[in-house]
1. Give the dimensionless ratio obtained when the Cα radius of gyration of the range 42-98 is divided by 2.2 N^0.38 Å.
2. Quick check: residue separation of CYS89 and SER15 times 0.36 nm, minus the Cα distance between them. What number comes out in nm?
3. How big is the chain by the Kirkwood estimate over distinct Cα pairs, in Å?
4. Please list 40-53, 22-35, 66-79, 102-115 highest first by mean number of surrounding beta-carbon atoms within 10 Å per residue.
5. Using θ = phi - 60° and the Karplus curve 6.51 cos²θ - 1.76 cosθ + 1.60, what whole-Hz ³J(HN,Hα) does each residue of the range 28-34 get, with Gly and Pro shown as x?
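What follows draws every value from the coordinates through simple rules; no lab data is involved. Here the structure is a predicted model, which means the values were calculated and not measured. Cβ placement follows ideal geometry from the backbone for every residue including glycine, while neighbour counts extend to all protein chains displayed.
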Amino acid sequence: GGGRPRYPNSFFPPSGYSHDRRRGQAINRMESWFSLCCSGLVAQQPSQILCCAQQAWAQALSQFCVEEFSTKTVVYECCEDKGPARWICFNSELPNPDYSPKPGYTAPAMPQEPGFSFNPNVC
């Protein structure tokens, strides 16, 4: 929904903050893909929506880690972990574990992020 933060390019100063930009882009990507899962366009059955969202979460964070390793800066700590340890690390870092909307906030319109592929066969 529109009650969770989005990070358009205008949110960040014109230079620097590349790590924060990558984090913001990962959140934007994740939110875009969550909306795709919940729209019924990708996950056809109600029982598949959570599975779709879990796949979107993992795919967005995996892509974030690929982007982190492609820079010459210090990599986000969870990206250094492999396999289940990576997901445990990301889960432990959640500032909003219930994924509640931010009261009084309406997210700006953001373009749909390409690149998500839902696999219903793993649900």
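1. It is 1.30.
2. Details: separation 74, 0.36 × 74 = 26.64 nm, distance 2.92 nm.
That works out to 23.7 nm of additional length.
3. Hydrodynamic radius (Kirkwood, Cα only) of the chain equals 15.5 Å.
4. Result, highest mean first: 22-35, 40-53, 66-79, 102-115.
5. 3J(HN,Hα) across the range 28-34, in whole Hz: 4, 4, 4, 4, 4, 6, 4.
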